[in-house]
Every structure is written in C-alpha cells, then in structure tokens.
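Notes follow once the structure below has been shown.
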Amino acid sequence: MMHLTLRFIGDTAQDRVEAITECMTDAAKRSGKFTLRLDDTGAFPDLRQPKVLWVGINGEIDRLQMLHSRLEGALARIDILGEDRHYNPHLTVGRLQSQVPPIAAGQVGQAFSHIKLPEPRPTLPVESLVLYRSRLMVDGPKYEELSRAPLG
C-alpha cells in the first residue's frame, strides 16, 4: 500500500483515536486537495549503507508543508508534541533488515541509485488524511485504517 507519512505518532492508546481524528479533520477541512509528483530516489542514512530506500516527493510541496503544520498545531493542542527533526516528505519503498551485511547493503544502495522513474514523473493526488495503525511483521508492515478525514 502506497502512502505518504505526514506524521508518525507512535504507540498510542486506543482511546486517543477519536481526539487524533478530530485533529486530522480540523487540519484537513482547511486544506483543499492538491497534487504531488514523484522525484528522485534515495536512502536513509545514505545510499552507501542504506537502511530505508525511498522515492522523493515534488509538486505542490508548499501545500503539503502547510497541511503538515496545521496537523502539528492541532496535535500539539492535545499534547502530542512534534518531532525534533525536519519534515522530509518521501515514500518509503523498502527497508533493509539489520542482519544484511554492510557489503550487501552497499550493493543494494548502488543498484537503487540507478533506478530511473518514467518521464513525465507520476503524480499523486492528495485527497484525504488517513490514520493508520501499523504493525511491523517479518514479511513487511501491515496497515489498518482507523479513520479518514477528506481535504477541503
């Protein structure tokens, strides 16, 4: 499932879902729909020793940043404080497990750096905020939609 993480909240009690959904709805109703576009590939921390492989995001980034700020403000009002790091929008396309040897990880990063996306770059319509519960499983993450707030 492809999704763009606007805010990772972490372990949260079930009884907080309604309050979080209200925050999402507040932020979403003040933002119209917009379009993003896929950009170049990369990795965290870098392509020499990748742990996370990603595809960057371009397009109406200002609107995405505004939506992110609105959501952060709403969440802060219910004592869910913002992250210390700068918001870096990207689509995670893969994770390397910790037991992958450094030489193999470097080879994966090198190969990934040569992936070229088609031109024109694919676009992504942004139409709603979704709260997902994620569970990291051996065969990859599993996502369950808990709530949705349409933009506009």
Single residue of Ser147, Ser128 found to be closer than 17 Å to Arg7 by Cβ and in contact with a Lys or Arg (Cβ under 6 Å, 6 or more places away or on another chain): Ser128
Filter result (touching a residue at least 24 places away in the same chain (Cβ under 8 Å) and either within 23 Å of Thr35 (Cα to Cα) or among the hydroxyl-bearing types (Ser, Thr, Tyr) (or both)) within region 51-64: Leu53, Trp54, Val55, Gly56, Ile57, Asn58, Gly59, Glu60, Ile61, Arg63, Leu64
Strands (runs of 3 or more DSSP E) enclosed by region 1-95 - at least 2 residues per element that are touching a helix residue (DSSP H, G or I) at 6+ places or on another chain (Cβ under 8 Å) and surrounded by 16 or more Cβ atoms within 10 Å (Cβ to Cβ): 34-44, 52-59
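Looking only at region 96-152, how many residues end up being in a strand (DSSP E or B) and more than 30 Å from Cys23 (Cα to Cα)? Spell out how you get there, then give the answer.
If we filter region 96-152 for residues that are in a strand (DSSP E or B), which is where we start, we get 123-126, 128-137, 140-150.
Pick out the ones that are also more than 30 Å from Cys23 (Cα to Cα) and you get none.
Counting residues in region 96-152 that are in a strand (DSSP E or B) and more than 30 Å from Cys23 (Cα to Cα) gives 0.
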Given (1) surrounded by 12 or more Cβ atoms within 10 Å (Cβ to Cβ); (2) farther than 30 Å from Pro150 by Cβ, index of the condition Arg133 fails: (2)
Residue check, Arg7 modelled with pLDDT of 95 or more, out of contact with any Phe, Trp or Tyr (no Cβ under 6 Å at 6 or more places or on another chain) and of a type in the set (Lys, Arg): no
Answer from Phe8, Phe34 - the residue that is out of contact with any strand residue (DSSP E or B) (no Cβ under 7 Å at 6 or more places or on another chain), farther than 30 Å from Ile103 by Cα and aromatic (Phe, Trp, Tyr): Phe8
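The values are calculated or read from the model by the stated rules, or taken from the named source; none is laboratory data. What you see is a predicted model; the values in this text were computed from it and never measured. With ideal geometry, Cβ positions are generated from the backbone for all residues, glycine too; neighbour counts draw on all protein chains shown.
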